[in-house]
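Throughout, read-outs are computed from the coordinates displayed, never taken from laboratory work. Owing to the predicted nature of the structure, the values given are computational and were not obtained by experimental measurement. Because the Cβ atoms are built from the backbone with ideal geometry, glycine has one as well, and the counts that use them run over all protein chains shown.
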Amino acid sequence: MLHKLWNLCCSLKLAIYLASAITLLLMGGSLLIPYHGRIFGLMDRMAAGDWLQQIASSHLDKTWWFYLAGLLMVLLGLNTLFCFIDWLRQIGSRWRKTGEYLLHLGVVLILVAYLWGSADGWRHNGMQFRIGETTPLPNWPGHSLRIDSFQPIMSKNGPPRDMINDVSLLHGDQLIVRGKVQINQPLLHEGLVITPVSFGRQAVGFKAILPNLPPVQLEVGQQIRLGSGGLLEVLRFLPDARKKANGEIIYRSDRIGNPAFELRFFPQNGKSWQGWYFAREPLPRDLRRHGLQIRLLSPIYDSYSSLTVNYDPGAKLAAIGSGCMTVGVLLALFSFYRKRKAQDRPEI
Amino acid sequence: MTNIHLLQAATLTYALAVVGYLLLIVLKQRWLQIAAQTCIVSGFIMQSACLIWRWKLAGFLPVTNLFSTLFFFSWALAACYLYFELRYRIAASGLFVMFLNLCLLSVALNRDSALPTLVSALDTPFFSLHIVFSLLGYAFFAMAFSLGVLYIFQRYLPTQQLPSLSTLRKLNEESILLGFALFTLCLVVGGIWAYWAWGYYFSWNIKGVWSFLVWLFYAGMCHAKFVRRWQGTGYALLSIIGFGVVLFTYLGIGLLLESNHPLE
Ligand code: HEM
């Protein structure tokens, strides 16, 4: 009984059936990928485990094939592992097959690495970092990233030739690693990989004139002491905003369209006021009542660099698996030709 | 003379070789075989010179648009044919491959042959190797397709002009294994490149999935030859189906569907 079970686990026919079933499932399922971008377009932007939990599970009618193919792939991986173990048990007489079985081991390692990375990894795709600022990494509590400097290398026309980021990875205030991130030269650190995506500039506020003051910068966090003695604080800024019918203010785009500021105003005496000021509309009455006027001059831009920050704990194992596969496949070729030369192909 | 004139001349000699082999089947004259072989060798030399010329002009191995990959695929097919011809003297058995080669070149010659500018993300030896290994792998899969068709031909309409069934089968198995080995290297190198460029080594776009399927299919074929029932005709049929999968992955996806491996 046990012997039969072992034979099934090492069965070559089972491997062919599993591979055929996976092939057919993926052939059919993959044709849905281009037509359902909202579901499948996110697969590269998140770790597979997160995608399954957050997206795939609520669209089972279009993603069931993925679960099934994944399950069969795990079975094929186990099948391959058992074949490898079976070979190890007889290595004394079958050492000439080292290449073939190194290749099989490589397949198993890559599969384990992928599952590990899918379950324990995370991805931040195209995250925007303001130059010089420290930005926390949402998926890695206590850790943050700072772009110390950024330099794009432009081509005459078309996309930039390179984007050179000097990046520091921090844990609290402590520097963990510092390095360069460029096109095709990521920063690698214990499963973390940081690659450049794009860069740009974003409006973060306006230069403005207020009564009896030199020009000021209306930016988030600014507190402006007014000539009248009151205090004006900028809480939020949206370069292009829209007011919905229910009064909710929503973000529209990053371009200057209908700029809006959320302001808090503390008059010298009396109650404070907080609300939205749309630059294309008159100043709210409560502010005008205190003699406040705002004349916007020009937008203030800040540069940002957009990076992908992914963590894949299985990446090293996948690299080892690839190494095994590469050496294995070359050795397998060698042993194939040696066998041909010796004319010892039993099945012909 | 431009490099494209050289390619046109190579195409012409390949076409002459195909005619030579067709006549060989009818007239059975040995000199026709020698003439056809000479045509293929000289066509291959001209195409290789053209490839090196374009490589020098571009400053990088030009394999980044449809013209260049069709060109390289055709060069790889000719190289693959020469390997089998010089090693096993397969003669007219390579007819399909050379015919396929002519099809590729005629599509390529009708497209814009201007050298593409290189997008920075592709400016790495890993990308070039990824494409080179993949097209070399495809070339061996095409050879296996050709040998599979001939196997079925020989099985049901036997002729003295073709090698024996067991030789065709052995050559087919060798093609599959060589193609599989090259395609494995293509996936390994591609994975390293993707990890460095995008931060993940496998992309869930349709081209990525189908490349994995090509690999899995031919891995399956590497085993099917050990199963007695699949030997012979079954294996030949699988070689034909497999090449259909290859063609869809290489051309079909780019032409019919969207992917992050555009053809142009
Ligand atoms: C995706 C997974 C797999 C890949 C990529 C793979 C690949 C290969 C390759 C390339 C060969 C060499 C064929 C040749 O010498 O012509 C081979 C041989 C072999 N594989 Fe696999 N294989 C896989 C899974 C399996 C599984 C699951 C089994 C177990 C049932 C298995 C059992 C064997 C056996 C018994 C051989 C023959 C070795 C020999 O020549 O004695 N393989 N495999």
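By the Stokes-Einstein formula, at 0.890 mPa s and 25 °C, chain B with its Kirkwood radius over alpha-carbon pairs has D equal to 129 µm²/s. The separation of the stretch B:141-213 from the stretch A:290-310, counted between C-alpha centres, amounts to 55 Å.
The string of couplings for the stretch A:87-100 from the Karplus curve (6.51, -1.76, 1.60, θ = phi - 60°) is 5, 4, 5, 10, 4, x, 9, 10, 5, 5, 8, 3, x, 4 Hz, one whole number per residue in order, with x for Gly and Pro. Restricting attention to chain A, lysine pairs at least eight places apart or on different chains and with alpha-carbon atoms under 29 angstrom apart total 15. Legend: mean number of C-beta atoms from other chains within 10 angstrom of residue C-beta atoms, peptide B:204-214, equals 5. Sorted on the mean count of surrounding Cβ atoms within 10 Å across their residues, most packed first, peptides A:144-152, A:44-52, A:216-224 read A:44-52, A:144-152, A:216-224.
Identify, among B:S166, B:W210, B:I240, the residue whose Cα sits farthest towards the positive end of the charge dipole of the stretch B:120-264, taking +1 on the Cβ of Lys and Arg and -1 on the Cβ of Asp and Glu, with the dipole about the Cα centre. With unit charges placed on the Cβ atoms, the residue in question is B:S166. Residue by residue, the stretch A:60-66 carries 3J(HN,Hα) couplings of 4, 4, 10, 10, 4, 4, 5 Hz when phi is fed to the Karplus relation 6.51 cos²θ - 1.76 cosθ + 1.60 (θ = phi - 60°); x denotes Gly or Pro. Based on the alpha-carbon gyration tensor of the stretch A:101-160 and its eigenvalue square roots a ≥ b ≥ c, which shape applies: rounded if a/c is under 1.5, prolate if not and a/b is larger than b/c, or oblate? Oblate, since a/c reaches 1.5 and b/c is not below a/b.
Under the shape rule built on the C-alpha gyration tensor, where the axes satisfy a ≥ b ≥ c, chain A is prolate, since a/c reaches at least 1.5 and a/b is greater than b/c. Annotation: peptides B:113-123, B:184-194, ranked by per-residue average of other Cβ atoms within 10 Å with the highest first, follow the order B:184-194, B:113-123. Charge tally for B:S128 (other residues, Cβ to Cβ under 15 Å; Lys, Arg +1; Asp, Glu -1): +1. Computed from backbone phi with θ = phi - 60° and the Karplus coefficients 6.51, -1.76 and 1.60, the 3J(HN,Hα) list for the stretch A:263-278 is 10, 10, 10, 10, x, 4, 9, x, 7, 6, 10, 9, x, 9, 10, 8 Hz; x is used for glycine and proline. What's the center-to-center distance, using Cα atoms, between the stretch A:73-124 and the stretch A:223-271 in Å? Cα centroid of the stretch A:73-124 versus Cα centroid of the stretch A:223-271: 59 Å apart. Each other residue within a Cβ distance under 15 Å of A:E133 adds +1 if Lys or Arg and -1 if Asp or Glu, for a net charge of -2. Net charge within 15 Å of A:P214 by Cβ-Cβ distance, Lys/Arg positive one each and Asp/Glu negative one each, not counting A:P214 itself? Once positives and negatives cancel, what remains is +3. Orientation-averaged projection of the stretch B:120-264 equals 9.5 nm² [convex hull of Cα atoms, one quarter of hull surface area]. Residues whose amide H comes within less than 5 Å of that of A:G205, counting only those at least five positions distant or on another chain, are A:I300 (H built at 1.01 Å from N in the peptide plane).
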